[in-house]
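Shown next, in structure tokens, is the structure this report addresses.
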Amino acid sequence: MDEVSMSNTLGLDDDLDPVEALISLEKAFALKIGDDEAASCSTVGHIYDLLHSRFSTQIGEPGSCMTSMAFYRLRRCLRAMHPGVEFRPDTQLADCVGWNARAFLGQLRSDSGLRLPGPQGRWLSGVGCLLLLSAIVGAVIVTAIKGPPIFYLATTALFVVGVASISLDPGGLSNDCATLGGLATKASALNYGTLARSGGAVRPKELWDAMAEVLSGLSELPKSDMRRDTRILNQKV
């Protein structure tokens, strides 16, 4: 198999990754995807065709720009949080975020009613992941050698501290959400179905872009590289 065909995939593993992708799509587009429908989708094009069929009655109908809808809703909330600040699409959000992006996004999510991306993990999350990995490896070794109870307590402690480190990481904004316009673009994709029901215009290109945005959160393949024939799962060689 050549390198091009190997790279033309979302790289999802045939275990829990497809389930996570399915849940993400259902939440973003406010719909339910049946088991048979999911099983018939082996490429990104198949997913798009499924979404297109679900929104077919709305395609071409008059409506508002969904990115603008998300922008105005977010701006209204930000103005309440930071009175006197003029928020434009190119406004940098760093000063509004402060040191805790997790709390900032949580409040903005609650006030706006929009699904928003999570914070980007920092060093504390990295430490937490290393501790979790150490705990799992340690537990396997201790079980294999039938080590004393104190070893089990040690691995349990590592696991607890690792989970706590990840959950307490204040995080930061990703580069594509550094401005209000970037965050609004991301939010319009993550709330596509809800915004469409609220008068948003459904257009084929924007539908594709929203789908690619959602899938890019689960894949290392850039959304700009996704094509109709891009496969969902890793191809078995």
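The amide H of GLN120, built 1.01 Å from its N in the peptide plane, has GLY172, LEU173, SER174 as neighbours under 5 Å, considering only residues 5 or more places off or on other chains.
What is region 46-87 by shape, rounded, prolate or oblate, if you read a ≥ b ≥ c off the alpha carbon gyration tensor as root eigenvalues and call it rounded for a/c under 1.5, prolate for a/b larger than b/c, and oblate otherwise?
On the way: a/c = 5.38, a/b = 2.95, b/c = 1.82.
Note, shape of region 46-87 comes out prolate.
Along region 84-92 the Karplus relation, 6.51 cos²θ - 1.76 cosθ + 1.60 evaluated at θ = phi - 60°, assigns HN-Hα couplings of x, 8, 8, 9, 10, x, 8, 5, 6 Hz to successive residues, with x for each Gly and Pro.
Amide H contacts of THR9 (H built 1.01 Å from N, in plane; Pro and chain starts excluded): ARG231 sit under 5 Å, all sequence-distant by 5 or more or on other chains.
Close Lys pairs in the chain, defined as Cα atoms under 22 Å apart and 8 or more places apart or on different chains, number 8.
What part of the accessible area of the chain, given as a whole %, is carbon or sulfur when the probe is 1.4 angstrom? Walk me through the numbers on the way to the answer.
Working: 7860 of 13270 Å².
Whole-percent figure for carbon plus sulfur exposure: 59.
Ranked from largest, the principal axis spans of the Cα set of region 187-237 equal 46, 18, 16 Å. In percent, rounded to a whole number, the relative contact order of the chain is 42, using alpha-carbon pairs under 8 Å and six or more apart. Close amide H contacts of ALA201 (hydrogens built in the peptide plane, cut-off under 5 Å, sequence separation of 5 or more or a different chain): SER64, CYS65, MET66.
Karplus-derived 3J(HN,Hα) values for region 178-187, using 6.51 cos²θ - 1.76 cosθ + 1.60 with θ = phi - 60°, are 5, 10, 5, x, x, 5, 5, 5, 5, 5 Hz; glycine and proline are entered as x. Placing +1 on the Cβ of every Lys and Arg and -1 on the Cβ of every Asp and Glu, with nothing else charged, gives the chain a dipole about its Cα centre of roughly 820 debye. Taking the C-alpha atoms only, the angle from helix 17-29 to the longest principal axis of the chain is near 30 degrees. The structure-derived value of Rg and Dmax of the Cα atoms in Å appears in the list [x] 21.0, 69; [y] 24.5, 81; [z] 20.4, 84 under the label [x]. Applying 0.36 nm per residue to the separation of VAL160 and GLN120 and subtracting their alpha-carbon distance, the gain on full extension is 12.3 nm.
At an R0 of 30 angstrom, the distance between the Cβ atoms of ASP90 and ASP225 translates into a FRET efficiency of 0.70.
The values are calculated or read from the model by the stated rules, or taken from the named source; none is laboratory data. It should be emphasised that the depicted structure is a prediction, and the values quoted were computed from it without experimental measurement. So basically every Cβ, Gly included, is an ideal-geometry build from the backbone, and we count neighbours across all protein chains shown. Calculation scope for accessible area: heavy atoms of the full protein, side chains included, ligands and nucleic acids excluded. Shrake-Rupley method; radii C 1.70, N 1.55, O 1.52, S 1.80 Å.
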